[in-house]
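Accompanying notes for the structure given below.
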Amino acid sequence: MELKKLMEQRADLQAEMEALLNTAKTEERAMTEEEISKFDELEKKINVIDGTIEREERARKMEHKEVKPNEVEERAVVEERAFANYIRKQCGVYVEERAGEQNPDMGNNGAVIPVTIAQRIIRKVEEITPILAKATRFNVKGTLKVPVWDKVNTSHDITVAYQTEFQDITADSGRFTSVDLSGYLAGALTLIGKSVANNADVDVVNFVINEMAKKIAQFLEGELLKGTAGKATGALSTNTTLSAGSTTAITADNLIDLQAKIPTVYQADACWIMHPSTFTTLKKLKDATGQYLLQNDFTSAMPYRILGKPVYLSDNMPTISSDNKAVLYGDLSGLAVNFREDISIQILQEKYATMHAMGIVSWFEFDSDVIDHQKLAVLVMSTN
């Protein structure tokens with residue numbers, strides 16, 4: 001609504017309030033309950049309008065800088081070209097510099113990769129590791145407290161029901177608690193031979209991005225699934241479990257029952273995650289009508305589905321073996337991941353000079369934990 005109209009509305013309300021006061025004053029009496037109620041209602045409306053006007057004025061004072069997509073794209077191109085040129089120059093290749101271009105920032109033992117390159121690496125990691133892309137992501141510097149609903153058992157939950165006046169509402173045995181996500185330091189290193197960097201036919205930037213992304217993705221995927229004691233906690237730690245009833249075999253009924261472990265409200269974005277060897281075994285499963293459970297869906301990014309849900313494969317998942325958690329199913333937003341700091345990447349020159357190579361190293365701090373056990377369920381193989 002325009003500021004002028006708001007001011008007009010406020011003036012009309014103010015006039016009504018004054019009219020109520022003047023009426024009681026003229027009649028030499030106190031205001032009636034009805035007049036007091038009306039007066040208070042008009043005052044509340046004026047307060048709401050005053051708040052809107054104040055926010056409108058604050059918004060007008062802010063400077064709005066137009067974001068031009070072309071400028072962002074041009075900056076990315078310039079940074080990538082400067083990065084590629086920097087690598088080749090360090091390998092002794094003559095590179096003609098363009099006016100206005102700057103080299104990556106130099107540190108004591110290398111150069112910091114431009115932001116655009118680091119962002120592309122992060123996007124590539126998400127493409128390789130769907131569990132990271134689908135998890136609940138945070139970027140908080142300190143310790144993050146994620147609120148969670150803690151139930152004593154599955155029969156206790158927040159309930160909504162009709163109530164009777166003057167009677168206490170029966171409380172459940174659950175409570176809101178929190179999961180703390182701090183930050184654990186992790187690093188990845190890959191080497192690039194100078195002979196590769198010297199080759200003009202090699203796209204140096206994409207080579208760095210792909211190699212580093214693979215290293216980071218492999219590590220993160222393993223941690224977000226299995227975790228490490230005393231460090232990050234993975235999705236397989238969910239307390240929603242189903243026993244397979246066998247040490248070496250998974251049945252169609254196992255998968256149907258595992259899917260049923262997840263409430264309907266969380267089924268929309270659910271998926272399966274398993275080891276490739278487990279996937280090979282499940283390809284042979286059929287339902288009661290003799291139809292294979294595995295369905296082909298070549299219109300989707302993930303061409304295979306089980307019971308209508310996409311299947312993701314990971315070498316980091318346990319295989320079908322005694323006491324292993326062989327299949328994960330559910331909505332991966334039930335896993336929270338906090339990156340305490342963004343991924344930083346540097347080029348190391350001197351350290352690998354005697355190997356005729358340069359190092360690309362990355363550092364990041366992260367933590368993960370399950371924040372909603374209702375969203376994730378695992379199939380556990382029986383023990384011997």
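Computed from the coordinates by the stated procedures, all read-outs in this text should not be read as laboratory data. The model shown is predicted, which means the values in this text are computed figures rather than measured ones. Cβ: placed from backbone, ideal geometry, glycine included. Neighbour counts: every protein chain shown.
Compute the FRET efficiency between Gln119 and Thr32 as 1/(1 + (r/R0)^6), taking r as their Cβ-Cβ distance and R0 = 41 Å, and round to the nearest 0.05. If you can, show how the numbers build up before the last one.
Values: r = 66 Å, r/R0 = 1.61.
My answer for the efficiency is 0.05.
In sequence order, what are the phi-derived ³J(HN,Hα) couplings for segment 132-144 according to the Karplus relation 6.51 cos²θ - 1.76 cosθ + 1.60 with θ = phi - 60°, rounded to whole Hz, with x for glycine and proline?
6, 5, 8, 6, 7, 9, 9, 9, 10, 5, x, 6, 9
Which of the residue pairs Lys215/Lys283; Lys134/Lys194; Lys124/Lys284; Lys214/Lys375; Lys283/Lys309; Lys215/Lys261 have a Cα-Cα distance greater than 26 Å in the structure shown? Don't skip to the end; give the middle numbers.
Values: Lys215/Lys283 29 Å; Lys134/Lys194 37 Å; Lys124/Lys284 33 Å; Lys214/Lys375 28 Å; Lys283/Lys309 14 Å; Lys215/Lys261 34 Å.
Pairs exceeding 26 Å: Lys215/Lys283; Lys134/Lys194; Lys124/Lys284; Lys214/Lys375; Lys215/Lys261.
Grab the other residues whose beta carbon is less than 12 angstrom from that of Ile49, score K and R as +1, D and E as -1, and report the net.
On the way: positive: Lys5, Arg10, Lys44, Lys45, Arg55; negative: Glu8, Asp12, Glu43, Asp50, Glu54, Glu56.
My count for the surroundings of Ile49 gives -1.
By the scheme Lys and Arg +1, Asp and Glu -1, what is the net charge of all other residues having a beta-carbon under 13 Å from that of Val380? The partial results should precede the final answer.
On the way: positive: Lys261, Lys325; negative: Asp257, Asp323.
It works out to a net charge of 0.
Please work out how many pairs of lysine residues in segment 3-61 are eight or more positions apart (or on different chains) and have Cα atoms closer than 28 angstrom.
Step by step, the pairs that qualify in segment 3-61 add up to 13.
Express in nm, to one decimal, how much length is gained between Asp287 and Phe39 on full extension, taking 0.36 nm for each residue of separation and deducting their alpha carbon distance. Don't skip to the end; give the middle numbers.
Details: separation 248, 0.36 × 248 = 89.28 nm, distance 7.01 nm.
Extra length available between Asp287 and Phe39 comes to 82.3 nm.
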